[in-house]
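As structure tokens, the structure follows; a few thoughts come after it.
The values are calculated or read from the model by the stated rules, or taken from the named source; none is laboratory data. Computed from a predicted model, the values in this text were never measured in an experiment. Ideal geometry is used to build each Cβ from the backbone, glycine not excepted, and the neighbour counts take in all protein chains shown.
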Amino acid sequence: MIRSMTGFASGKGTHGPHSWTWELRSVNGKGLDMRLRVPEWLTGLEAALRSRMSKGLGRGNVTLSLKLSREEATADLVLNPVAMAAALDAMARTQTMAEERGIVLAPSTAAELIAVKGMLETGGDADDPEPLVKHLIAAFDALLRDFIQMRESEGRALADVLDGQLTQVSTLTEQAAQLAEERRDKIAENLRENLQRVMDNAQGADPDRVAQELALIAVKSDITEEIDRLKAHVTAARDLFAQDVAVGRKLDFLMQEFNREANTLCSKAQSADLTTVGLELKAVIDQMREQVQNVE
């Protein structure tokens with residue numbers, strides 16, 4: 001199954017006083033490059049998310065951004081007994097010292113005490129990141145599934161395009177093979193003429209060198225190997241399409257092989273019709289290569 005390297009997914013959720021939104025997106029890349037923007041105080045979250053992304057994704061420049069907010073109004077407030085005891089002790093000492101000097105102090109109220117910094121704090125586990133991290137990891141698994149499904153959906157459309165282009169390559173390869181067969185007599189005649197020309201000028205020449213020149217003339221006109229390799233590459237590409245792993249790099253390498261054979265075919269064409277087919281092959285292969293850049 002072919003998967004695209006481009007994709008997008010977003011999600012949101014809440015846990016206690018916290019709410020969040022995040023986005024996961026990717027574009028083409030040579031390897032898997034992950035960039036995460038998550039709060040540093042959520043200990044262990046980034047490592048867990050990276051592990052899940054590494055297992056689920058093969059290639060692409062992937063960016064994950066998490067925006068977290070907290071609704072303080074929803075948190076319970078509790079009295080800090082240590083701070084309260086310290087404040088009462090300080091008040092008692094202050095009162096004693098004032099009386100020793102004949103100073104009368106106005107009585108303090110509970111509201112004034114509570115207003116002292118540190119006297120009230122949020123209760124429960126609101127400041128413990130572990131429960132929040134667990135909820136975020138669970139929510140991310142669903143987000144990652146949506147993200148992969150989108151890449152697979154785009155991959156199916158991409159596979160249809162590539163399959164059509166591969167069919168074109170196969171058809172053009174067959175046309176080239178037919179044209180090569182039709183020109184066989186012409187090539188044989190040219191070879192006989194070249195052979196006669198060589199023999200007429202071979203007096204006193206090195207027999208091994210003459211044999212090499214004759215072999216070179218034959219090789220320059222024979223495209224059998226190029227046709228066979230093009231057919232083999234078509235089969236290899238279809239096999240890669242059927243695999244359920246990331247095949248983008250292998251397809252990219254295969255496109256280079258396709259292009260090499262098409263170039264050689266054009267250089268050996270020695271006919272306008274075969275040259276035209278070779279150029280059409282190069283054009284389709286170039287289009288395929290552009291599409292393959294999107295394959296994971």
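Are any of the residues in region 10-27 of a type in the set (Phe, Trp, Tyr) and surrounded by fewer than 12 Cβ atoms within 10 Å (Cβ to Cβ)?
Among the residues of region 10-27, not one is of a type in the set (Phe, Trp, Tyr) and surrounded by fewer than 12 Cβ atoms within 10 Å (Cβ to Cβ), which makes the answer no.
Suppose we filter Gln256, Gln287 for residues that are under 19 Å from Gly31 (Cα atoms) and over 17 Å from the mean Cα position of the chain (by Cα); which single one remains?
One residue alone meets the criteria, Gln256.
Which of the residues belonging to region 61-75 are loosely packed, with under 15 Cβ neighbours inside 10 Å and either more than 11 Å from Pro17 (Cβ to Cβ) or modelled with pLDDT of 90 or more (or both)?
Matches in region 61-75: Ser65, Lys67, Ser69.
Considering only region 241-268, state which residues are farther than 28 Å from Gly7 by Cα and either touching a residue at least 24 places away in the same chain (Cβ under 8 Å) or not hydrophobic (A, V, I, L, M, F, W, C) (or both).
Glu257, Phe258, Asn259, Arg260, Glu261, Ala262, Asn263, Thr264, Leu265, Ser267, Lys268
May I ask you to list the residues in region 21-36 that are of a type outside the set (A, V, I, L, M) and at pLDDT 95 or above?
Thr21, Trp22, Glu23, Arg25, Ser26, Asp33, Arg35
Tell me which strands (runs of 3 or more DSSP E) are completely within region 1-44 and hold 2 or more residues being of a type in the set (Val, Ile, Thr), or say none if there are none.
18-27
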